[in-house]
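Below is one structure, written out as C-alpha cells, with a few remarks after it.
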Amino acid sequence: MLVIVTGVSGTGKSTLGALLAERLRLPFFDADQFHPEANIAKMSAGQPLTDEDRIPWLQAMADQLIKSEKSGGAVLTCSALKNSYRERLAVSDAIRWIHLTGDRDLIWERMSARKNHFMKAGMLDSQIALWEKPMTGYLLDITGTPEQLLEASLNYLKSQPMKMKMGVIGMGVMGKSLALNLAEKGVSVSLYNRFVAGKEEGIAQKVVDENPEFSNTQAFEDLQKFVDSLEKPRRILMMIPAGAAIDAQLDTLMPILEKDDLVIDGGNSFYKDSERRVERLKEVGMHFLPMGVSGGEEGARKGPSIMPGGNAEGYAMVEDFLGRISAKDKDGKPCVTYVGPGGSGHFIKMVHNSIEYGEMQVLAELVHLLRFGFGCTPEKVSEIFTEWGQGELKSFLLEITADLLLFKENGELLLDKILDQAGQKGTGAWSLTTALEYGIPYSPLAESVNARGVSGEKAMRVAFSKTFHHEFKKVEGSLETWLPKIKAAYSLARIINHEVGFRLMKTVSDTKDWKLNFNEISRIWTNGCIIRSGLMENISANYSDSVSFFEMEGVKEQVISGRKSLAELVGLGLTHGFALPVMSAGINYLFGRITAESSASVIQAQRDYFGAHTYQRKDDPSGKAYHTEWSK
Ligand code: 6PG
C-alpha cells in the first residue's frame with residue numbers, strides 16, 4: 001500500500017504520516033528528504049522554488065514510490081499543493097491520498113504552539129493561496145487529536161480496498177504463521193481458508209480478528225473473491241497438506257488464475273509430484289514454485305529456512321518477500337536461495353527431513369542409554385546435552401532435547417507420560433525409497449524411519465518383552481570414563497547422518513543435472529531450520545565437490561578419532577539390551593565404506609555357485625566375466 005499524506009505546513013502531515021507508517025508497518029518518507037542540493041541551497045538562501053525547481057524533487061519521490069511499491073509499500077508526506085505536483089507523484093493505482101485541510105486560524109495556532117516554530121504567517125498564507133482542491137483522495141479535516149485523525153485515515157484506507165501483494169491458502173499452523181510473518185514484514189496478504197460447514201468456518205477471519213495489529217491483512221472464504229483481491233500477476237502460497245489436496249486445490253484454482261500468475265507449494269510435497277505440477281502450470285503459462293519451509297511454527301512466524309525451487313521466473317516474483325520473512329545466517333544473509341529447477345526445492349527439504357529423523361533418533365537412543373543404562377536422571381542428561389551444546393556440537397535438536405528433559409507436568413516428567421510410538425508424515429520414507437532408486441547406501445537414515453515403524457508396534461513390543469524377558473541391564477563402568485567416548489560417538493553418528501543425506505542429494509543432483517550448490521544449501525540450513533547446527537556451519541564453509549564429505553576439513557579428524565568410540569558405545573548398548581538402530585547402522589555403514597577388502601567376494605561366489613551369475617577376478621583388471629562349475 002502506498003499512502004501519500006498532503007497538506008500545507010502546519011497541518012500535522014508528519015505526525016499523521018509517522019503514525020500511519022507505524023500502524024501499517026510501512027517505511028516512512030518525508031518530502032524534505034528528496035530535494036536536490038540546488039533546491040536546498042536556494043531554500044537556505046531564502047529564495048522561493050519555481051515549478052521547474054520542483055521537477056527533480058517530485059521525480060525523486062516518484063522513483064521512491066515505484067521502488068517502495070515493489071517492496072510492499074510506504075507512507076510519504078508531501079505538501080503537494082498543486083494538482084500538477086500530485087499528478088507527477090501518481091505513479092501507481094495503489095496510491096491512496098489523504099489530504100489534510102483545516103481552518104487557517106487553527107493551523108496557525110497549532111504552528112505557533114510548536115517548539116521550533118519559525119514560519120511567518122505570510123508564508124502560511126502564501127501556501128494556502130497556492131493550494132488547489134484535490135481531484136481525488138480523502139479530504140480530512142484536521143480538527144481532532146492525532147489519534148482521531150489516524151483512526152479516520154485507517155477507516156478510509158479500509159474502505160478503499162487495496163489489491164494485496166500475496167495470498168496464502170490454508171490457515172493451519174504453518175499457513176497462519178507465514179501469513180502473519182509476511183504481514184509483519186510489510187507484505188499485504190489475503191488469507192484464505194476453505195469453508196466446511198460445522199468444521200471449518202470463519203477460520204481466516206479469526207486469524208485477522210486475533211491479530212488486529214496487522215491492518216494489511218484480509219480474510220476470505222470464497223476462492224474467487226480471494227483471487228480477485230490480489231495484485232496481478234498474482235502470487236499465491238499454498239500451505240495445505242501434501243498429496244491429493246494439492247492437486248485438488250490446483251484444480252479449483254487454475255481455472256480462475258491467469259497467465260504469469262505464481263502458485264507456491266510451501267508444504268512437504270513429494271518432489272516427483274512437484275515436478276509434474278511445475279510442468280502442469282508451465283503448459284498454461286503459469287509459474288509453480290515447490291518450496292521447502294523448515295522451522296516449525298515458531299520458525300514460520302519469526303524466520304524459517306526457505307528452499308524454493310522450480311520456475312526461476314516465479315522465484316524472482318517473490319525473492320524480496322521471502323528474503324524478508326526468512327531467518328538470517330551469521331552474516332545477516334537471508335536463509336533462502338533459489339535451489340534449482342523442477343522439484344529440487346522439495347527434494348532437498350525431503351532429505352533435510354531425513355537427516356532430521358536421523359538426528360532425532362540418535363538423541364533418543366542416547367537419552368535412553370544414559371538414563372536406563374548409566375542410571376542418569378533426566379536432569380543429568382539435560383546437563384550433559386547442555387554442556388555439549390556450548391561447543392561445536394551445538395544444534396537446535398540437542399538444545400530442545402536438553403530442554404524437554406526438564407519439562408514437568410504436576411511435578412512429574414512429562415516425557416515419561418508420552419506414548420512411545422513415533423509418528424511420521426512421509427518425508428523420511430520417501431528419502432529412503434529415493435536412495436534405493438538411485439542405488440545410494442542409506443542404512444543409517446533408513447534405520448531412523450524403521451525405528452519409528454518398530455515403535456508403532458507397541459502392543460507387540462509389550463507382549464514380546466514379557467515372552468523373552470527383555471530388560472535393560474545397568475552399565476558397570478563409570479559415566480565419567482564413558483562420557484568422552486559417548487560425546488565422540490555422538491559427534492561421529494551425526495557426521496555419518498549428514499554424509500548419507502548429502503551423498504543422496506549430490507547423486508540426484510548430478511543425475512538430473514540440477515547443479516545444486518551445497519555450500520549454499522547448507523548455508524540456508526544454518527539458521528531457521530530444524531537441523532541448524534555447528535556442524536551445518538562447518539559444512540557450509542568447507543563443503544567441496546572435489547573432496548569427499550568424510551575427508552572434509554573439520555570432519556576427517558572426527559572420523560579418525562571417533563570410530564572406536566562409536567563402535568564401543570554401540571557394543572556396550574547392544575550387550576546391555578538397548579536397540580541403537582541409527583548409531584549401530586552408522587558405524588556399520590562407516591566401516592563398510594572404509595574397508596578395502598569387503599566380504600562381497602563371498603556373495604559373488606554364492607551368486608555364481610547357484611545361478612551362474614558370473615564374477616570378476618582381482619587378478620584380471622579387464623573386467624572379464626568368469627564362471628566356475630562349483631559343484632564339480
Ligand atoms: C521442519 C520439519 C517439518 C516436519 C515435521 C514433522 O523442517 O520444520 O521437518 O517440516 O513436518 O518435522 O515431520 P514428521 O511428522 O514426518 O516427523
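The values are calculated or read from the model by the stated rules, or taken from the named source; none is laboratory data. Source: prediction; values computed, not measured. With ideal geometry, Cβ positions are generated from the backbone for all residues, glycine too; neighbour counts draw on all protein chains shown. Only protein heavy atoms, including side chains, enter the accessible area calculation; ligands, DNA and RNA are left aside. Shrake-Rupley method; radii C 1.70, N 1.55, O 1.52, S 1.80 Å.
Quick notes on this one:
- Output for the range 576-632, where each listed residue is acidic (D, E) and surrounded by 12 or more Cβ atoms within 10 Å (Cβ to Cβ): D608
- Yes/no for G243 being over 15 Å from the mean Cα position of the chain (by Cα), closer than 19 Å to M171 by Cα and either assigned by TED's automatic domain parsing to the domain that holds T434 or small (G, A, S) (or both): yes
- Taken over the range 400-418, the criterion of being within 18 Å of L363 (Cβ to Cβ) and away from the ligand (no atom under 15 Å from the Cβ) is satisfied by A402, D403, L405, L406, F407, L413, L414, L415, D416.
- Residue within the range 217-234 that is within 22 Å of Y338 (Cα to Cα), among the aliphatic types (A, V, I, L, M) and at pLDDT 95 or above present: no
- Comparison of S584, S522, S601 shows that the only residue that is in contact with a Phe, Trp or Tyr (Cβ under 9 Å, 6 or more places away or on another chain), small (G, A, S) and closer than 25 Å to T401 by Cα is S522.
- Residue list for the range 308-320, filter: over 17 Å from S522 (Cβ atoms), modelled with pLDDT of 95 or more and either assigned to a loop (DSSP other than H, G, I, E, B) or not assigned by TED's automatic domain parsing to the domain that holds V173 (or both): G310
- Candidates A612, A585, A579, A605, filtered to the one that is touching a Pro at 6+ places or on another chain (Cβ under 6 Å) and not assigned by TED's automatic domain parsing to the domain that holds K302: A585
- Meets criteria (modelled with pLDDT of 95 or more, within 16 Å of the ligand (Cβ to nearest atom) and of a type in the set (S, T, Y)) for S305: yes
Rundown of residues vs (1) within 23 Å of A62 (Cα to Cα); (2) open to solvent by 80 Å² or more (accessible area, probe 1.4 Å), yes/no style:
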position	(1), (2)
L89	yes, no
W108	no, no
M123	no, yes
L150	no, no
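- Count of residues meeting criterion [among the basic types (K, R) and either in a helix (DSSP H, G or I) or crowded, with 23+ Cβ neighbours inside 10 Å (or both)] in the range 330-374: 2
- Looking only at the range 186-225, and only at residues there that are assigned to a loop (DSSP other than H, G, I, E, B) and among the aliphatic types (A, V, I, L, M), the one that is surrounded by the most Cβ atoms within 10 Å (Cβ to Cβ): V187
- Residue match in the range 321-329 (condition: free of Cβ contacts under 8 Å to residues at least 40 places away in the same chain, surrounded by fewer than 24 Cβ atoms within 10 Å (Cβ to Cβ) and assigned to a loop (DSSP other than H, G, I, E, B)): no
- Among the residues making up the range 388-400, those that are out of contact with any Lys or Arg (no Cβ under 7 Å at 6 or more places or on another chain), farther than 16 Å from A489 by Cβ and part of a helix (DSSP H, G or I) are L397, E399, I400.
- When residues of the range 510-533 are limited to those that are free of Cβ contacts under 8 Å to residues at least 24 places away in the same chain and surrounded by fewer than 18 Cβ atoms within 10 Å (Cβ to Cβ), the one nearest to the ligand (Cβ to nearest atom): D510
- Here L393 passes the criteria (1) under 30 Å from M460 (Cβ atoms); (2) touching a residue at least 24 places away in the same chain (Cβ under 8 Å) except the one numbered (1).
- Within the range 143-158, residues that are farther than 14 Å from T11 by Cα have Cβ atoms under 8 Å from residues that are of a type in the set (G, A, S) and open to solvent by less than 90 Å² (accessible area, probe 1.4 Å) in these pairs: A152/G144; L154/S215; L157/S215; K158/S215, counting only partners at least 6 apart in sequence or on another chain.
- Counting only residues that are in contact (Cβ under 8 Å) with a residue 60 or more places away in the chain, surrounded by 22 or more Cβ atoms within 10 Å (Cβ to Cβ) and either touching a Leu at 6+ places or on another chain (Cβ under 8 Å) or over 26 Å from R324 (Cα atoms) (or both), the range 276-301 holds 2 of them.
- Residue in the range 523-535 that is part of a helix (DSSP H, G or I), within 30 Å of G323 (Cβ to Cβ) and of a type in the set (G, A, S) present: yes
- Some residue of the range 453-471 being within 16 Å of the ligand (Cβ to nearest atom) and aliphatic (A, V, I, L, M): yes
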